[in-house]
Amino acid sequence: MNTIYFDNNATTKVAAEVLEEMRPYFCELYGNPSSMHTFGGQIGVKIRKAREQVAALLGCEPSEIIFTAGGTESDNTAIMGVLAAAPNRRKVITTRVEHPAILTVCRELQSRGYTIAELAVDKQGRLDIAELEEQIDDDTAIVTIMYANNETGVVFPIDKIAELAADRGVVFHTDAVQAIGKIPLNLSKSNIDLLSLSGHKLHAPKGIGALYIKKGTRLSPYMLGGHQEAGKRAGTENVPGIIGMGKACELAAKNIEQENQRVKSLRDKLENAILEKCPGSLLNGDKENRLPNTSNISFEYIEGEAILLMLDRYGICASSGSACTSGSLEPSHVLRAMGVPFTAAHGSVRFSLSRYNTEDEVDYTIEVMPQIVSKLRRLSPFVAE
Ligand code: PLP
């Protein structure tokens, strides 16, 4: 049985073109770009090209990109780097629905005496911009708000938020790990100061990421050591990863409009059929302002994990919003922040598609889902169908 992979917000397949581009840089052209000899030095040219490819996708200057080891490092670097550069400001504003790569940093900072404001979201996962306006004050060092939510796909009005932060003289960072490659954006026309992205969410390998640093943004380096990345990120470069990331960005830039339209129509077909055919199913998140590939659906009175296990038996990979902590299944912090009732938050399943999914896969899943839901409902102690 072939695997049907609907878990692309967790990670994506490396594109064949990306792998081809990376291949020579493991065993043939394996030099260190910082070396004096030509063997190492020639690799600098490829890194320059990769930086240009990333910058072209984002609409910024190549000199505004540094490569990191992934989205988590980019997020940590943005927050910690801004705070280190502005030691007199002790407040960070974020949201309740960020990825742990942001929230865990914020909670650590809180334990060190920083003020952390976590903005609320409404039932559809939308922010209240007025609350952000109220929270920004003279003590605020950075506002960090994700571009698109990894669980629901809800897209925040980032340009508006960035403009507001700029008007108030506060640095603005966005975790755009889930947005890049799925929606077009142009940093040359935006007030975003810092933006994180991750290779493995856009068909490059795991362990490579990048941080956009708008020219003039005050940021202290987070990783200390050698002089790589213009002194902004120490550590020998992940050469194959960087080259792969560059190629993945080039591919994303080339096809973004058509691919996203195709992915969206597959996602909509899957979502509409599930909502129609499975009683007690509800869509989580703002239907309109959403990534084209993501659908988060709750199935009342059923455990999301049970659905995932049954889907797995049919060869279908998806994910749920719950995290197993200390033996009990906690519903996702994102769905809790949205006020999704307990009985529905426990039964949430996220389907996240990519350009490699096909209509046949969607049709097969549409056939299977109602059977799974009806079987699990029959077993549920809470409801009689
Ligand atoms: N931010 C968001 C929104 C994510 O979805 C993820 C990964 O799931 C990360 C950050 C972390 O990225 P990485 O896995 O590259 O460290």
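Only the coordinates and a few stated rules stand behind these numbers; no lab work does. The structure presented is a predicted model; accordingly, all values stated were derived computationally and were not measured. Reconstructed Cβ throughout: ideal geometry from the backbone, glycine too, with neighbour counts over all protein chains shown.
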| request: Give a residue-ordered list of calculated ³J(HN,Hα) values for the stretch 346-352 (Karplus: 6.51 cos²θ - 1.76 cosθ + 1.60, θ = phi - 60°; whole Hz; x for Gly, Pro). | output: 5, x, 9, 10, 9, 9, 10
| request: Taking only Cα atoms and a 10 Å spring cutoff, compute GNM fluctuations for the chain and point out the largest among 148, 130, 253. | output: 130
| With all pairs of different alpha carbon atoms counted, what Kirkwood hydrodynamic radius in Å does the chain show? | 21.8
| field | Relative counts (whole %) of C-alpha pair distances in the stretch 96-141, using bins that are 5 Å wide | value | 5, 19, 24, 25, 20, 6, 1
| said: Eigenvalues of the Cα gyration tensor times 5, then square-rooted: what semi-axes does that give for the stretch 117-191, in whole angstrom, largest first? | reply: 20, 16, 10
| query | What list do you get for 77, 104 if you sort them by fewest beta carbons within 10 Å? | reply | 104, 77
| How many angstrom separate the Cα center of the stretch 126-150 from the Cα center of the stretch 179-210? | 20
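Based on other C-beta atoms within 10 Å, arrange 197, 270 from fewest to most. Numbers along the way, then the final one.
Numbers: 197 31, 270 23.
Ranking 197, 270 by Cβ neighbours within 10 Å, fewest first, gives 270, 197.
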